1. Cβ contacts < 8 Å: first residue touching a residue at least 24 places away in the same chain (Cβ under 8 Å) and under 15 Å from A75 (Cβ atoms), restricted to the range 124-142; second residue assigned to a helix (DSSP H, G or I) and of a type in the set (F, W, Y), any location; separation 6+ or different chain. Result?
2. Can you run down the residue pairs with Cβ atoms below 9 Å, 6 or more apart or on separate chains, where the first is in the range 313-330 and aromatic (F, W, Y) and the partner is outside any loop (DSSP other than H, G, I, E, B)?
3. Does A276 satisfy the condition of being at positive phi, of a type outside the set (F, W, Y) and at pLDDT 95 or above?
4. Look through the range 22-66, keep the residues that are among the acidic types (D, E) and in contact with a helix residue (DSSP H, G or I) (Cβ under 7 Å, 6 or more places away or on another chain), and return whichever of them is nearest to D320 (Cα to Cα).
5. Out of the range 278-315, which residues are part of a loop (DSSP other than H, G, I, E, B), of a type in the set (S, T, N, Q) and surrounded by 21 or more Cβ atoms within 10 Å (Cβ to Cβ)?
6. Suppose the filter is more than 18 Å from N267 (Cα to Cα) and surrounded by 19 or more Cβ atoms within 10 Å (Cβ to Cβ); does G173 pass it?
Amino acid sequence: MQFTRRDMARFALASAPLATALAAKKINSKFGGVQIGAITYSFNRIASPDAEAIIKAYVEIGLGEAELMSNHCEALAGAPPMPNFFRPAPPRPPAGSPPAAAATKGPGPRPQLTPEQIAERKAAQEKLVAWRGTTTPATWKAVAKKFNDAGIDLALLCYNMQDSMKDDDIEFGFQMAKALGVKGITTSTTLTMAKRIAPFADKHKLLVGYHGHDATNDPNQTATLESYQTLMAYGKYNGVNLDIGHFTAAGYDAVAFIKEHHAKITNLHIKDRKKAHGPNVAVWGTGDTPMKEVLQLLKAEKYPIPANLELEYPIPEGSDIIAEAKKCLAYVKSCLA
């Protein structure tokens with residue numbers, strides 16, 4: 001994704017060595033007893049070419065808990081980069097537009113790659129596979145240290161697992177998670193994969209939170225209430241990464257689900273969406289997601305479930321991802337007051 005001008009200027013100022021630029025003191029982003037963090041996916045637009053920009057962003061925003069995407073983890077460990085074939089960002093609303101104009105269902109389908117791009121991607125994938133063969137637990141421990149040294153708790157690894165993966169690929173993710181020292185794995189995948197993953201989770205005694213979407217018309221996706229029940233039944237360590245925005249868009253009650261299944265929830269993804277498969281909204285609190293009710297439930301019941309910001313809406317003109325994350329964090333804090 002593309003840098004905004006403000007992103008570029010902000011991170012140019014943050015070019016001092018990380019060890020001196022960031023405070024070692026642990027960042028406290030627990031409000032009303034509820035741990036607020038973010039998934040690093042929210043910061044994709046600033047993760048390349050320097051993935052350490054993500055860590056600097058957490059410090060600037062004041063987020064003390066991270067759910068680390070595996071591609072960002074590998075980048076921080078020195079993996080060879082994959083080609084970034086430009087995908088245009090979704091259009092921004094005109095200046096002065098009402099909040100509803102900032103809503104979007106996200107960018108359209110990816111453009112087709114040229115034969116040359118396909119060949120370049122294949123060569124890069126082969127290099128990445130070879131690099132992965134050289135990694136050891138020390139590789140991932142060094143990544144965890146980067147977060148810890150910045151005062152950030154590295155709580156979860158997001159390792160998305162596709163049906164095409166071999167068992168060795170699944171095992172690789174669990175080995176990465178164990179070396180990072182995280183409490184669990186989150187993943188977007190299918191029910192067929194959830195069944196394959198369950199024995200690995202049992203073997204490593206590591207909770208896996210399956211991320212739900214709102215594709216209720218696909219029986220192999222985590223989207224319907226029945227699909228959540230199915231994947232949890234596959235193994236004692238199969239749990240849920242509940243995205244309350246997608247859950248609302250699918251037509252379900254996040255508060256009721258959390259009350260019933262809180263022991264199996266690794267974390268929440270916090271975003272605001274409209275019902276009936278509606279779009280994300282840029283101004284949190286103007287959509288249909290019961291954000292305040294969910295956060296107040298965590299506070300009242302003292303559920304030890306991190307609530308992680310996931311920013312997916314287009315960045316408004318004149319803003320940047322850091323400013324938007326601060327705005328979203330301020331809204332979440334207001335919900336917990």
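The values are calculated or read from the model by the stated rules, or taken from the named source; none is laboratory data. Because the structure is a prediction, the values reported are computed rather than measured. Heads up, the Cβs are rebuilt from the backbone with ideal geometry, glycines too, and the neighbour counts pull from every protein chain shown.
1. Final answer for the pair search is R132/F172.
2. Final answer for the pair search is Y313/A102; Y313/T104; Y313/N280; Y313/E324.
3. It is true that A276 is at positive phi, of a type outside the set (F, W, Y) and at pLDDT 95 or above.
4. Among those residues, the one meeting the criterion is E60.
5. Within the range 278-315, the first condition is being part of a loop (DSSP other than H, G, I, E, B), and the residues that meet it are 278-279, 281-290, 302-306, 310-315.
Those left that are additionally of a type in the set (S, T, N, Q): 286, 289.
Residue satisfying the conditions is T289 alone.
6. Against the criterion (more than 18 Å from N267 (Cα to Cα) and surrounded by 19 or more Cβ atoms within 10 Å (Cβ to Cβ)), G173 qualifies.
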